[in-house]
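The values are calculated or read from the model by the stated rules, or taken from the named source; none is laboratory data. Every value quoted in this text rests on a predicted model; they were computed, and no experiment measured them. Glycine gets a Cβ as well: all are built from the backbone with ideal geometry, and neighbour counts include every protein chain shown. Side chains included, ligands, DNA and RNA excluded: accessible areas come from the protein's heavy atoms. Shrake-Rupley method; radii C 1.70, N 1.55, O 1.52, S 1.80 Å.
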Amino acid sequence: MTEYHLTTPISEEDARKLKVGDIVYVTGEHVYTARDEAHERALEMYEKGEKPPVDFEGSVVYHVGPVAWQKNGKWEIVSAGPTTSIRMELFEDEFLRKYSARIIIGKGGMGAKTLGALKEVGAVYCSFTGGCGALAAKGFKEVRAYLWDDLGMPEALWVITAEKFGPLLVTMDSHGKSLHDDMDRMVAARKADVYARIGIKE
Amino acid sequence: MKDPSQVIHDTTVRLLRKAATVLPKEIEEALKAAHAHETDETAKTQFSAILTNIKLAATGVPMCQDTGIMIFYVKVGDKFPFIGEIKDSLAKATRKATADTPLRPNAVNPIIGGNSGDNTGKKIPWINWEIVSGDSLEITAFPKGGGSENACILGMLKPGVGLTGVKKIVVDNAISYMGKACAPNIIGVGIGGGSDIALKIAKQQLLRPLNDKHPEPEVAKIEAEIMEAINATGIGPMGLGGKTTVLGVKVDYAMRHPASLPVGVAIQCWAARKSTAIISKDLDVTYLTHPVEGKK
Ligand code: SF4
């Protein structure tokens, strides 16, 4: 378990150094929020040959629907814990291939398609502790833009300057390892013992 | 004379704000104890993030960005003089707390779509009414997050499976969502009654003090067994591995129909938010879970 402090844009080489179990803190201007609809829109733009309003290369893409408010004309994110990532499994592999983001952040982990794409493009998936909205917001130094606001506050593309945003735990790496898959196997292996405690023999 | 609507309103605004920003002491204590108990590195990082988060939130920001759908449990004394003012005051307070805290607007119309923007709308906030004898009013704000709510289930079991079947459905559910409901969780189980009754009982269990035990030893034993079994899975905080998957399991029951064995399972996340106050007939307010500084 190694601790890394990375600055965006993150290079492929740096992303490939990261292994499951490592802790990452992110600083820099290429930090974006994206849920289902923002992923979909970014992919549509790619299909149409249009350029998205931000640079996704080397970026950090965070699955989150933040609570934000405007103070003195400036947007501020108040609380921003991760949302369940598996919903984005539909789009993430294509998104990674097309835009070369290097760190995807969310909770609960993602599936085989994403794991394959992480390996292919050199990127990782990190888990941020679910529900820790206040802690996440502390790592956001500034909200630079609130784009695609027609999608609504949670689904919009928020453009963030991060400062020591973390701790992010690498749970899927570019070497094909997924802590989420390991957990499934471990829990399955323990099932007989678990059942025995409630009087069930398998 | 104080304005009863205003008192109920102002009290509720404070309850909602406190619920969103400060966990009840006993939950925080349990999370600290769990942190100390874990040996696994990953589990430790999850708990230390949660504990840091709780500290940051206590300065007045929502601990979690999902500030929940608004649910109240109201116990109103049959002699409380202002029963008619309660419903409106709770809705108004919800709108005010949404703007001031701020809370995330979480009330979406399932038919025509669209978010009301203020956490109120048809049947929301939802109020669970209970008439009790007495002359005061007890309000519990219980904002409920979507992630943990999505892990709630109802099983209409065949009575033949017995209590083992009941325990199995609770354990199987925990294994199937694998910590995704922001474990460590608190699980409420309601047995019997009927489909709606079982779920209602299950959810009410989430209001019980974390360290209590069911007064009937047979039920307390079921609680202990389920808790031990789920913690033996190793799912751990956030499903990333560890000893603490649940902080508590609370079971209660109602008589059942001979032909059915309903089991409701309600899941609460570590952000187990609730806040309770009592308003007397003279409109004096006592905050139970979140006392006012300097006051008992
Ligand atoms: S499950 Fe609870 S802690 Fe997790 S995101 Fe939802 S409300 Fe927050």
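Please work out if B:Gly155 is part of a loop (DSSP other than H, G, I, E, B) and away from chain A (no Cβ under 14 Å).
No: the conditions fail for B:Gly155.
The conditions are (1) surrounded by 18 or more Cβ atoms within 10 Å (Cβ to Cβ); (2) farther than 30 Å from B:Gly60 by Cβ, and A:Ala80 fails exactly one of them. Which is it?
In the conditions (1) surrounded by 18 or more Cβ atoms within 10 Å (Cβ to Cβ); (2) farther than 30 Å from B:Gly60 by Cβ, A:Ala80 misses (2) alone.
Can you tell me which condition A:Asp150 does not meet? The list is (1) touching a residue at least 12 places away in the same chain (Cβ under 8 Å); (2) more than 17 Å from A:Ile103 (Cα to Cα), and all the others hold.
(1)
Of the residues that sit in region B:1-43 and are assigned to a helix (DSSP H, G or I) and modelled with pLDDT under 95, which one is surrounded by the most Cβ atoms within 10 Å (Cβ to Cβ)?
That would be B:Thr42.
Looking only at region A:1-30, which residues are part of a loop (DSSP other than H, G, I, E, B), over 21 Å from B:Gln46 (Cβ atoms), open to solvent by 60 Å² or more (accessible area, probe 1.4 Å) and hydroxyl-bearing (Ser, Thr, Tyr)?
Selection gives nothing.
Right, A:Phe91: in contact with a His (Cβ under 7 Å, 6 or more places away or on another chain) and away from the ligand (no atom under 16 Å from the Cβ) or not?
It is true that A:Phe91 is in contact with a His (Cβ under 7 Å, 6 or more places away or on another chain) and away from the ligand (no atom under 16 Å from the Cβ).
Taking the stated definitions as given, is B:Asp135 of a type in the set (Asp, Glu) and either touching a Pro at 6+ places or on another chain (Cβ under 9 Å) or within 16 Å of the ligand (Cβ to nearest atom) (or both)?
Yes; evaluated as a whole, the condition is true for this residue.
State whether the residues of region A:59-74 include one that is surrounded by fewer than 18 Cβ atoms within 10 Å (Cβ to Cβ), at positive phi and at pLDDT below 95.
yes
Name the residues in region A:59-76 that are within 15 Å of the ligand (Cβ to nearest atom) and touching a strand residue (DSSP E or B) at 6+ places or on another chain (Cβ under 6 Å), would you?
Scanning region A:59-76 gives A:Tyr62, A:His63, A:Val64, A:Pro66, A:Val67.
Identify the residue in region A:83-99 that is open to solvent by 10 Å² or more (accessible area, probe 1.4 Å) and of a type in the set (Asp, Glu) and, among all such residues, is nearest to B:Val61 (Cα to Cα).
Within region A:83-99, the match that is nearest to B:Val61 (Cα to Cα) is A:Glu89.
Looking at region B:34-45, I want the residues that are over 13 Å from B:Leu247 (Cβ atoms) and have a partner that is assigned to a helix (DSSP H, G or I) with Cβ atoms under 6 Å, at least 6 apart or on another chain. Which pairs are those?
What qualifies is B:Ala43/B:Pro237.
Condition test on A:Thr33, is it surrounded by 17 or more Cβ atoms within 10 Å (Cβ to Cβ), at pLDDT 95 or above, of a type outside the set (A, V, I, L, M) and more than 14 Å from A:Leu168 (Cβ to Cβ)?
Judged against the criteria, A:Thr33 is a match.
Are any residues in region B:65-78 open to solvent by 10 Å² or more (accessible area, probe 1.4 Å), within 13 Å of the ligand (Cβ to nearest atom) and assigned to a loop (DSSP other than H, G, I, E, B), and if so, which ones?
B:Gln65, B:Asp66
Filter region A:100-156 for residues that are in contact with a helix residue (DSSP H, G or I) (Cβ under 9 Å, 6 or more places away or on another chain) and among the charged types (D, E, K, R); which is most open to solvent (accessible area, probe 1.4 Å)?
It comes out as A:Lys138.
Quick check, is B:Gly160 touching a residue at least 60 places away in the same chain (Cβ under 8 Å) and more than 14 Å from chain A (Cβ to nearest Cβ)?
Judged against the criteria, B:Gly160 is not a match.
Just to verify a result, which residue in region A:114-141, among those that are away from the ligand (no atom under 16 Å from the Cβ) and more than 15 Å from the chain's Cα centre (by Cα), is nearest to the other protein chains (Cβ to nearest Cβ)?
Here the residue is A:Lys138.
Applying the selection to region B:36-52, what residues are within 16 Å of the ligand (Cβ to nearest atom) and touching a Lys or Arg at 6+ places or on another chain (Cβ under 9 Å)?
B:Phe47, B:Leu51, B:Thr52
Hey, does region B:87-101 have a residue that's part of a loop (DSSP other than H, G, I, E, B), touching a Lys or Arg at 6+ places or on another chain (Cβ under 8 Å) and within 23 Å of B:Val265 (Cβ to Cβ)?
no
If B:Gly179 satisfies all but one of (1) open to solvent by less than 10 Å² (accessible area, probe 1.4 Å); (2) away from the ligand (no atom under 16 Å from the Cβ); (3) in the same structural domain as B:Pro209 (by TED's automatic domain parsing), what's the number of the condition it fails?
Here B:Gly179 meets the rest and fails (2).
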